[in-house]
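K.L.:
Supplied in structure tokens, the structure appears directly below.
The values are calculated or read from the model by the stated rules, or taken from the named source; none is laboratory data. Please read all numbers here as calculations on a predicted model, not as lab measurements. Here the Cβ is made from the backbone with ideal geometry for all residues, glycine too, and neighbour counts use every protein chain on show. These accessible areas exclude ligands, DNA and RNA; they are computed on the full protein's heavy atoms, side chains included. Shrake-Rupley method; radii C 1.70, N 1.55, O 1.52, S 1.80 Å.
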Amino acid sequence: MAQSPHAPRAAAAVLPWLVGALALWQVAFPVLANLFEFVPRRATPEDHFPELSPTQRWGRFTRSDALQSAGERAGDLLSAWGELTGLDQGWNMFTPDFPPHTVVPVAEVYCADGRTARVWSRFAPRAPDAPGARWPLVHDREFNFEANITMFGWHYSPEARREWGHLPARVSENRELVRAWLNWKSRGTGAREARLIFHYIPTRLPNDAPGAPRRPSYELQVAKWFPATGALEAFDPVAARWVPLKARSP
Amino acid sequence: MSAASAEPLFVGVQPRLPGALGRWRWLLAPVPAERVAALRIAVAVCALLDLFVGTLPQFHSYYGADALGGSGAFESRFRAGHHYWSLLRTLPDKWGPQALFALFASAACGLLIGWRPLVCGLVCWACAVSFWNVNNGLCNGGDQVRNALFLAVAFGNSGAAWGVNARCHRGTVLVPGWPVKALLVQFCCLYVFSGIYKLMSNGWQTGYVMYFVNHDLEWCLTPNLSALLPVWVHRASAWVTIVWEIGFPVFLAFRRARLVALGLGAFFHAVTFITLEVGHFALYSLAFYAVFVPWERWRNHAARP
């Protein structure tokens with residue numbers, strides 16, 4: 001950025017001092033806030049609901065309680081500023097990895113009169129082997145909402161089913177998103193129950209022969225929501241059963 | 001042109017710092033008003049696109065209490081021990097979101113024409129934070145970038161040039177440099193820490209992560225075109241991204257490397273806007289690059305007899 005040689009002298013008044021303090025803080029804040037994510041801190045109940053930050057390191061960085069607490073208080077100050085000003089840090093897009101499949105959320109609606117219907121995401125590809133292009137920005141925020149749900153099932157595969165006993169906990173952490181999305185998708189259908197299903201469409205692997213058939217799609221039952229009571233259940237793929245989620249208050 | 005009128009005019013409050021910090025030239029040196037004005041206009045255009053193309057057509061679905069939103073839909077965001085806030089929690093669901101949207105759009109128009117940019121910038125920031133918090137599910141990192149940009153144009157004396165409140169002065173107009181320097185540090189952190197997380201990832205190390213992102217049928221806006229590129233291009237794009245992100249602050253320190261890094265950054269955000277579902281993140285990030293264009297040279301050139 002071009003620098004001007006004309007740096008005026010600051011007046012000796014209160015306002016320039018306040019502006020100076022703000023300037024220093026705004027320059028230091030992003031650096032410190034991002035660095036502090038690498039400094040392990042002990043999780044509190046406030047950190048646990050709805051979920052632990054994926055970028056913050058959890059635990060201890062020292063055996064000294066005083067030093068550990070001082071570090072955590074400094075972290076609290078940085079977090080508070082980020083939350084108050086909307087300058088939250090934590091830049092980790094597409095990490096630690098990206099799955100080798102497309103995950104499409106589907107709402108399966110069970111109506112009181114016995115009918116069932118599937119309501120697919122707007123972004124579900126109609127023909128996976130001949131996909132079309134989409135306009136940027138137009139439905140980006142709706143996409144974000146769905147991506148924030150499907151991300152917790154990104155790395156599921158039928159072969160890894162036995163490692164997915166944590167699925168109910170992930171649904172519980174994201175219960176507000178899941179409930180809002182099922183409510184929206186089942187609106188006006190007279191649903192007595194709505195289920196969230198993740199539909200996986202495998203991506204062709206980089207070393208697949210050109211034109212090789214895509215591996216078969218598969219699905220994972222994730223959650224069911226009962227509009228009449230607001231109750232939410234999550235699927236445990238290891239025990240192959242539904243788990244009622246206890247109501248939790250923030 | 002008289003000698004007096006050619007003297008630079010400084011607009012704004014120069015910050016005062018204690019001791020040796022008072023000689024921190026990088027932070028304290030003013031910048032040409034046109035740079036911050038260009039940032040203001042770019043941010044306003046992006047905000048209006050975000051509001052009228054990305055939000056308004058689905059507004060009720062996003063913020064309606066019977067759809068994805070409502071002031072009480074995401075109570076956990078406002079739990080004890082945290083400091084998130086939203087004006088929408090004090091307004092009724094029936095008309096609050098619409099009223100705040102109208103205020104937001106009006107303030108963005110104010111920024112566009114340079115009318116009271118401090119007030120309009122702060123109003124935009126308050127509205128942006130309110131919508132960001134009340135339904136965070138709709139957001140990505142672009143919303144944090146948006147919040148930072150609004151604060152920079154609010155505190156940057158961005159109306160000193162190219163606006164209805166611009167100073168009439170025939171010479172150079174300068175404004176305090178610290179708001180755009182703070183924004184620069186924010187973007188350096190965004191890139192560097194993104195790069196560090198990527199560097200720790202096996203998928204990014206092998207480069208295959210971009211192959212899978214570009215072939216994802218939801219995340220990619222043009223998966224039909226991705227298949228036309230050889231695998232090594234996708235992998236190379238991952239490696240170039242890591243080097244560019246981590247090296248960004250260093251590249252800025254050297255003139256030629258700076259031009260390449262800034263050009264690559266603008267290209268990266270433009271391409272990801274068109275090809276990936278990153279939407280307003282790419283849009284607002286592109287707006288930031290407006291401060292690096294030497295707009296004042298055109299003014300100086302035009303002012304020559």
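K.L.:
Which residue, of B:Val180, B:Val153, B:Val233, is of a type outside the set (Gly, Ala, Ser) and within 24 Å of A:Arg134 (Cα to Cα)?
P.N.:
Details: B:Val180 fails: within 24 Å of A:Arg134 (Cα to Cα); B:Val153 fails: within 24 Å of A:Arg134 (Cα to Cα).
Selected residue: B:Val233, the only one of B:Val180, B:Val153, B:Val233 that is of a type outside the set (Gly, Ala, Ser) and within 24 Å of A:Arg134 (Cα to Cα).
K.L.:
Need the failing condition index for B:Val231 against (1) open to solvent by 20 Å² or more (accessible area, probe 1.4 Å); (2) more than 8 Å from every other protein chain (Cβ to nearest Cβ), just the number.
P.N.:
(2)
K.L.:
Take the residues in the stretch A:25-65 that are open to solvent by 50 Å² or more (accessible area, probe 1.4 Å) and among the aliphatic types (A, V, I, L, M); name whichever of them is modelled with the lowest pLDDT.
P.N.:
A:Leu52
K.L.:
Here is a follow-up. Which of the residues that make up the stretch A:80-111 are under 28 Å from A:Arg195 (Cβ atoms) and touching a helix residue (DSSP H, G or I) at 6+ places or on another chain (Cβ under 8 Å)?
P.N.:
Step one: list which residues in the stretch A:80-111 are under 28 Å from A:Arg195 (Cβ atoms), which gives A:97-111.
Hits for the stretch A:80-111 are A:Asp97, A:Phe98, A:Pro99, A:Pro100, A:Val103, A:Val104, A:Pro105, A:Ala107, A:Val109.
K.L.:
Check whether at least one residue in the stretch A:152-165 is touching a residue at least 60 places away in the same chain (Cβ under 8 Å), in contact with a strand residue (DSSP E or B) (Cβ under 7 Å, 6 or more places away or on another chain), open to solvent by 20 Å² or more (accessible area, probe 1.4 Å) and hydroxyl-bearing (Ser, Thr, Tyr), and report yes or no.
P.N.:
no
K.L.:
Quick test of your reading of the structure: A:Pro210 fulfils all but one of (1) more than 26 Å from B:Gly69 (Cβ to Cβ); (2) out of contact with any Leu (no Cβ under 7 Å at 6 or more places or on another chain); (3) surrounded by 18 or more Cβ atoms within 10 Å (Cβ to Cβ). Name the failing condition by number.
P.N.:
With respect to (1) more than 26 Å from B:Gly69 (Cβ to Cβ); (2) out of contact with any Leu (no Cβ under 7 Å at 6 or more places or on another chain); (3) surrounded by 18 or more Cβ atoms within 10 Å (Cβ to Cβ), A:Pro210 is out only on (3).
K.L.:
Another question about this same structure. Looking at B:Val13, B:Val45, B:Val53, B:Val36 in this structure, which one is open to solvent by 10 Å² or more (accessible area, probe 1.4 Å) and more than 9 Å from chain A (Cβ to nearest Cβ)? Spell out the reasoning first.
P.N.:
Values: B:Val13 fails: more than 9 Å from chain A (Cβ to nearest Cβ); B:Val53 fails: more than 9 Å from chain A (Cβ to nearest Cβ); B:Val36 fails: open to solvent by 10 Å² or more (accessible area, probe 1.4 Å).
Of B:Val13, B:Val45, B:Val53, B:Val36, the one residue that is open to solvent by 10 Å² or more (accessible area, probe 1.4 Å) and more than 9 Å from chain A (Cβ to nearest Cβ) is B:Val45.
K.L.:
Is it the case, given these coordinates, that B:Arg235 is modelled with pLDDT under 95 and not acidic (Asp, Glu)?
P.N.:
Here the answer is no, as B:Arg235 does not meet what is asked.
K.L.:
Could you list, in sequence order, the residues of the stretch A:116-138 that are in a loop (DSSP other than H, G, I, E, B) and more than 7 Å from chain B (Cβ to nearest Cβ)? Quick ask: steps written out before the conclusion?
P.N.:
We begin by selecting, within the stretch A:116-138, every residue in a loop (DSSP other than H, G, I, E, B); these are A:121-138.
A:Ser121, A:Arg122, A:Ala124, A:Arg126, A:Ala127, A:Asp129, A:Ala130, A:Trp135 - these are the residues of the stretch A:116-138 that are in a loop (DSSP other than H, G, I, E, B) and more than 7 Å from chain B (Cβ to nearest Cβ).
K.L.:
Condition check: β-branched (Val, Ile, Thr) and in a helix (DSSP H, G or I). Does B:Val209 satisfy that?
P.N.:
Yes, satisfied.
K.L.:
Here is a further query. For the structure I just gave you, tell me whether A:Pro99 is modelled with pLDDT under 95 and in a loop (DSSP other than H, G, I, E, B). If you could, list the steps in order and put the result at the bottom.
P.N.:
Values: modelled with pLDDT under 95: no; in a loop (DSSP other than H, G, I, E, B): yes.
It is false that A:Pro99 is modelled with pLDDT under 95 and in a loop (DSSP other than H, G, I, E, B).
K.L.:
Return yes or no: is A:Arg141 among the basic types (Lys, Arg), modelled with pLDDT of 95 or more and either over 14 Å from the mean Cα position of the chain (by Cα) or open to solvent by 20 Å² or more (accessible area, probe 1.4 Å) (or both)?
P.N.:
Numbers: among the basic types (Lys, Arg): yes; modelled with pLDDT of 95 or more: yes; either over 14 Å from the mean Cα position of the chain (by Cα) or open to solvent by 20 Å² or more (accessible area, probe 1.4 Å) (or both): no.
Judged against the criteria, A:Arg141 is not a match.
K.L.:
If you check every pair at least six apart or on different chains, which have Cβ atoms under 6 Å apart with a residue in the stretch A:11-26 that is under 18 Å from B:Val153 (Cα atoms) and assigned by TED's automatic domain parsing to the domain that holds A:Gly82 first and a residue that is open to solvent by 30 Å² or more (accessible area, probe 1.4 Å) and of a type outside the set (S, T, N, Q) second?
P.N.:
Here the result reads A:Val19/B:Val13; A:Gly20/B:Arg16, each pair linking the stretch A:11-26 to a residue that is open to solvent by 30 Å² or more (accessible area, probe 1.4 Å) and of a type outside the set (S, T, N, Q).
K.L.:
Can you tell me which residues in the stretch B:61-90 are outside any loop (DSSP other than H, G, I, E, B), at the interface with another protein chain (Cβ under 7 Å from one of its Cβ atoms) and either touching a residue at least 40 places away in the same chain (Cβ under 8 Å) or β-branched (Val, Ile, Thr) (or both)?
P.N.:
B:Tyr62
Okay, residues lined up against (1) more than 14 Å from every other protein chain (Cβ to nearest Cβ); (2) surrounded by fewer than 24 Cβ atoms within 10 Å (Cβ to Cβ); (3) of a type outside the set (Asp, Glu); (4) over 13 Å from the mean Cα position of the chain (by Cα):
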| residue | (1), (2), (3), (4) |
| --- | --- |
| B:Pro92 | yes, yes, yes, yes |
| B:Ala102 | yes, yes, yes, yes |
| B:Ala126 | no, yes, yes, yes |
| B:Cys139 | no, yes, yes, yes |
| B:Phe155 | no, no, yes, yes |
| B:Ser158 | yes, no, yes, yes |
| B:Asn165 | yes, yes, yes, yes |
| B:Thr172 | no, yes, yes, yes |
| B:Cys189 | no, yes, yes, yes |
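K.L.:
Then there's this: Restricting the search to the stretch A:99-121, which residues are free of Cβ contacts under 8 Å to residues at least 40 places away in the same chain and closer than 27 Å to B:Gly203 by Cβ?
P.N.:
Within the stretch A:99-121, just A:Ser121 meets the criteria.
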